Amino acid sequence: MTVTLLSCPVPITMDIIAIHDFRAETQIGFYEWERRLPQIIQLDLELGIPGSNGIARTDRLGDTIDYAAVVSRLRETLGSSHFVLLEALSEHIASLLRTEFSAPWVRVTASKIGVVKGVRRVSVTIERGVKA
């Protein structure tokens, strides 16, 4: 007798909190002229939260990620940090969001504005964690 077990993944839902066009100052740059003064960077953030925990039904801030707290914490850390590359800055932000705010999945887009002549902005996008 042969028994076949079918893999049937349990569907997982995930809600996403998005923070768009967040601007903050930080020290960033490869070139010496970039490191002289803090630069304004633009961030677009997406933070996954499991949708099955009933946040929409409870309507309680304690059941989700407080985006005002995220913005405040990022302003604090970016104001006191120095980065050479957007990739390192993005990784720092993703790690902070996953550890301090318990986001199982994040997408971080970090942009430097007007650093290349004729280019509005240059960006790096990274995703970390598991997205349902």
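Is it true that residue 17 is over 13 Å from residue 110 (Cβ atoms) and modelled with pLDDT of 90 or more?
Answer is yes for this residue.
For residues that are surrounded by 13 or more Cβ atoms within 10 Å (Cβ to Cβ) and of a type in the set (D, E, K, R), tally how many sit in region 12-23.
Within region 12-23, residues that are surrounded by 13 or more Cβ atoms within 10 Å (Cβ to Cβ) and of a type in the set (D, E, K, R) number 1.
If you check 58, 77, which single one turns out to be over 24 Å from residue 39 (Cβ atoms) and of a type outside the set (Asp, Glu)?
58
Out of (1) surrounded by 13 or more Cβ atoms within 10 Å (Cβ to Cβ); (2) modelled with pLDDT under 95, what's the single condition that is false for residue 56?
Residue 56 satisfies every listed condition except (1).
Given 26, 99, 125, which one is among the hydroxyl-bearing types (Ser, Thr, Tyr), touching a helix residue (DSSP H, G or I) at 6+ places or on another chain (Cβ under 7 Å) and either part of a strand (DSSP E or B) or surrounded by fewer than 15 Cβ atoms within 10 Å (Cβ to Cβ) (or both)?
Only one candidate passes the filter, namely 26.
Only one of these is small (Gly, Ala, Ser), surrounded by 18 or more Cβ atoms within 10 Å (Cβ to Cβ) and outside any loop (DSSP other than H, G, I, E, B): 114, 48, 62. Name it.
That would be 48, the only listed residue that is small (Gly, Ala, Ser), surrounded by 18 or more Cβ atoms within 10 Å (Cβ to Cβ) and outside any loop (DSSP other than H, G, I, E, B).
Quick check: is even one residue across region 113-120 under 23 Å from residue 17 (Cα atoms) and modelled with pLDDT of 90 or more?
So far as region 113-120 goes, no, none of its residues is under 23 Å from residue 17 (Cα atoms) and modelled with pLDDT of 90 or more.
Specify which of the listed residues (100, 46, 76) is touching a residue at least 40 places away in the same chain (Cβ under 8 Å) and acidic (Asp, Glu).
46
Which of the following residues is more than 19 Å from residue 128 (Cα to Cα) and at pLDDT 95 or above: 30, 22?
That would be 22, the only listed residue that is more than 19 Å from residue 128 (Cα to Cα) and at pLDDT 95 or above.
Could you grab me the full set of residues in region 105-132 that are touching a residue at least 60 places away in the same chain (Cβ under 8 Å), more than 16 Å from the chain's Cα centre (by Cα) and more than 17 Å from residue 24 (Cα to Cα)?
Listed by number, the list holds a single entry, 132.
The values are calculated or read from the model by the stated rules, or taken from the named source; none is laboratory data. No experiment lies behind these values; they were computed from the predicted model shown. Cβ atoms come from the backbone with ideal geometry, glycine included; neighbour counts cover every protein chain shown.
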